[in-house]
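Take a look at the structure below.
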Amino acid sequence: MRRISLTYVPEIDMFQFMRNGRTPGTEGLFQSFTKALFDVGGRLGSVQREGAGGFADYIAMVEFGDAAITLNVEVKLMPPRTRADVTRLAKRRSTAVNALVAPFLSPSVRDELRKSGWSYWDATGNMLIRSVEPPVWIDRIGASRDPDPDTSGDQQSLRSLKGKAASEVVVSLLSDGGATSVREAARKTGTGVGTASRVIDLLRTDGVLEVSTAGIRVPDRIALATRWAQDYGFVSTFKPGRYLSLLGEDLAIERLRRSDIRYALTGSRAAAAEFTRNGRVAPLPPVGIWLYTDDIASVERTMDLAPDRRGGILVAGCDFLSDGREGSQDADPAIARHWRIVGDLLAAGGRLTAMGEDLAMLTDAEATE
């Protein structure tokens, strides 16, 4: 890809589009972005706003010299902060350039956006606009640290453990009994240091973690798992799709087991396997199928699934399997990590919660032996 020569265009009409009713404050951020395009020689053509269900907040036609590109612009006042956040962004379109606009994007997030094929701009001056056809490459460096952290929305995550990133930090702490440092907890889970720090601070404040110069310690795993389940839920956090299988549940699992698809069962089926492994009889028979995967489409085909709002097969997309951060246990069929299963059951309510409590005691006893 060649770098094009940019032409300064003083007559550009940057603010011909002044509306965005979806999120207060995004209009000003988008205007600042168009000013930044102007500063690097961009000529803004038409701008339109997508509907409420659209992919982007704005679709902008921009010319750089002889090159004209379409930008699908997403404006986020609370930008992604971890690799997992970036992977949850909509997949890039083949006919346009996806661009993320935010008050600040950290170096690690910018790096992940590059790898994912996104362009970006933040209010500190970090900018990457790239297109393969026509060839365009604009790369500018701004601040490496957030100049206004108090308004970045960080405090919201301190109030709840319901997020996917928080679940990975909690499962890691439960599995290992703690961590030597916040940085180690972040490294093991693939979350940002800031995210891991906020989760650990909340748990310390709630009295279920001990933090000292010696490291982070979990004095009572069951208390930590119970606190986590107050906010978290398999359904509410991962929002799995519901299905029925035309094969029947047992045959559907057998076909999944024989495939090369990465997956991990959770819920009552995974708990039953844990009890059996320990020579115990599960307090409840398996009910339905709950599973994690990083390839939902392949799971749907392999298990012959049909969407059904009342279906007992729940398939949740996740990235901790593909990244190898959390993975699955060495079992056949594959099941999620012990404490992931416990958390999913504790948060489910009713008899499943009671099953989770029994499994928590079994898992805790095994961990302390």
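The values are calculated or read from the model by the stated rules, or taken from the named source; none is laboratory data. These numbers come from a predicted model, not from an experiment. Every residue, glycine as well, gets a Cβ built from its backbone with ideal geometry; the counts of neighbours run over all protein chains shown.
Conditions (1) modelled with pLDDT of 80 or more; (2) more than 26 Å from residue 321 (Cα to Cα); (3) part of a strand (DSSP E or B); (4) not assigned by TED's automatic domain parsing to the domain that holds residue 324, marked per residue:
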{"site": "92", "(1), (2), (3), (4)": "no, no, no, yes"}
{"site": "109", "(1), (2), (3), (4)": "yes, no, no, yes"}
{"site": "113", "(1), (2), (3), (4)": "yes, no, no, yes"}
{"site": "130", "(1), (2), (3), (4)": "yes, yes, yes, yes"}
{"site": "137", "(1), (2), (3), (4)": "yes, yes, yes, yes"}
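Answer yes or no as to whether residue 287 is under 24 Å from residue 338 (Cβ atoms), over 28 Å from the mean Cα position of the chain (by Cα) and modelled with pLDDT under 95.
no
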Is there a residue in the range 151-164 that is modelled with pLDDT of 90 or more, surrounded by 14 or more Cβ atoms within 10 Å (Cβ to Cβ) and either hydrophobic (A, V, I, L, M, F, W, C) or in contact with a Gly (Cβ under 6 Å, 6 or more places away or on another chain) (or both)?
-> yes
State all residues of the range 187-215 that are closer than 27 Å to residue 110 by Cα and either without any contact (Cβ under 8 Å) to a residue 12 or more places away in the chain or polar (S, T, N, Q) (or both); if no residue qualifies, say none.
-> 187, 189, 191, 193, 195, 197
Name the single residue, out of those in the range 59-90 being among the hydroxyl-bearing types (Ser, Thr, Tyr) and under 26 Å from residue 196 (Cα atoms), that is modelled with the highest pLDDT.
-> 87
Only one of 167, 236, 245, 175 that is of a type in the set (S, T, N, Q) and over 19 Å from residue 320 (Cα atoms) = 245
Of those in the range 37-58 that are at pLDDT 85 or above and aromatic (Phe, Trp, Tyr), the residue nearest to residue 101 (Cα to Cα) is 58
On the given criteria, is residue 253 closer than 21 Å to residue 174 by Cα, buried (at least 17 other Cβ atoms within 10 Å of the Cβ) and either of a type in the set (Ser, Thr, Tyr) or in contact with a helix residue (DSSP H, G or I) (Cβ under 9 Å, 6 or more places away or on another chain) (or both)?
-> no
Report whether or not residue 302 is more than 27 Å from residue 162 (Cβ to Cβ), without any contact (Cβ under 8 Å) to a residue 24 or more places away in the chain, polar (S, T, N, Q) and outside the structural domain of residue 168 (by TED's automatic domain parsing).
-> no
Quick one: which of 301, 277, 337, 309 is basic (Lys, Arg) and under 21 Å from residue 190 (Cα atoms)?
-> 337
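Give the range 314-369 a look and list any residue that's of a type in the set (Ser, Thr, Tyr) and under 21 Å from the mean Cα position of the chain (by Cα), or say none.
Hits for the range 314-369 are 322, 328.
Table: residues versus (1) within 30 Å of residue 301 (Cα to Cα); (2) assigned by TED's automatic domain parsing to the domain that holds residue 320; (3) surrounded by fewer than 18 Cβ atoms within 10 Å (Cβ to Cβ); (4) in contact with a helix residue (DSSP H, G or I) (Cβ under 8 Å, 6 or more places away or on another chain).
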residue: 185; (1), (2), (3), (4): no, no, no, yes
residue: 195; (1), (2), (3), (4): no, no, no, yes
residue: 200; (1), (2), (3), (4): no, no, no, yes
residue: 239; (1), (2), (3), (4): yes, yes, yes, no
residue: 243; (1), (2), (3), (4): yes, yes, no, yes
residue: 259; (1), (2), (3), (4): yes, yes, yes, yes
